[in-house]
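Enquirer: Structure provided below as structure tokens; questions to follow.
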Amino acid sequence: MTLQVWTGHVNAIDETPVSTELNFKAGSKVTIVSSGFAAYKAAYWFGPSGQFQKQSPDLVAPNELTGALLVKCGHTYTSVVGGLLNWSPPTDDNLEFVYNDAPGGYFNNDGGFDLQMQYDTDDLQS
């Protein structure tokens, strides 16, 4: 067992997901911690959990809150909120992080979220 830490940053204005470039095995365990603030239209600021009670069918992940920090594994998006303890990727795949907004609508966002992810190197695909 060898624990490692990956760190990254998601800019709310960037539509392209931030890749960890780490391919995990389904069912492995990772712990993710996030912090920071982001906004859209430079007026509505919120943390990694997104804007309270605001969802839209146009979002990257329509069942998650607008502006939420998401982790993507395969075709599945999960809200990070402030962190995920011992979260299990649902499929064998690379993990990516993205701000939840409508494609083409990232231009009026500001801020972003810092990330730390702890994982065991034994949980990586070879």
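All of the numbers you see were taken from the coordinates with simple rules; none came from a lab. The structure displayed is predicted, hence computed values, not measured ones. Heads up, the Cβs are rebuilt from the backbone with ideal geometry, glycines too, and the neighbour counts pull from every protein chain shown.
Enquirer: Considering Cα pairs under 8 angstrom that are at least six residues apart, work out the relative contact order of the chain and quote it in whole percent.
Expert: Details: 342 pairs, mean separation 56.7, N = 126.
About 45 percent, as a whole number.
Enquirer: Okay, moving on. Given segment 36-77, what whole percent of its Cα pairs are spread farther than 12 Å? Spell out each step's value before the answer.
Expert: Values: 503 of 861 pairs.
Within segment 36-77, distances greater than 12 Å cover 58 percent of Cα pairs.
Enquirer: Going by how many other beta carbons lie within 10 Å of each one, how would you line up Leu70, Leu124, Leu3, fewest first?
Expert: Working: Leu70 23, Leu124 13, Leu3 10.
With the fewest neighbours first, Leu70, Leu124, Leu3 line up as Leu3, Leu124, Leu70.
Enquirer: Report, by chain and number, residues whose modeled amide H sits under 5 Å from the one on Asn94, excluding near sequence neighbours (fewer than 5 apart, same chain).
Expert: Here the answer is Phe24, Gly74, since their amide H atoms fall under 5 Å of that of Asn94.
Enquirer: What is the order of Thr66, Thr76, Thr121, fewest Cβ neighbours within 10 Å to most?
Expert: Ascending number of Cβ neighbours within 10 Å: Thr121, Thr76, Thr66.
Enquirer: Need the list of lysines near Lys72 for cross-linking: C-alpha distance under 19 angstrom, and skip anything on the same chain fewer than eight residues off.
Expert: Lys25, Lys29
Enquirer: Separate question: Over 5 Å intervals from 0, what percent of Cα-Cα pairs in the chain sits in each interval?
Expert: For the chain, the pair-distance distribution reads 2, 12, 23, 25, 17, 11, 6, 3, 0, 0.
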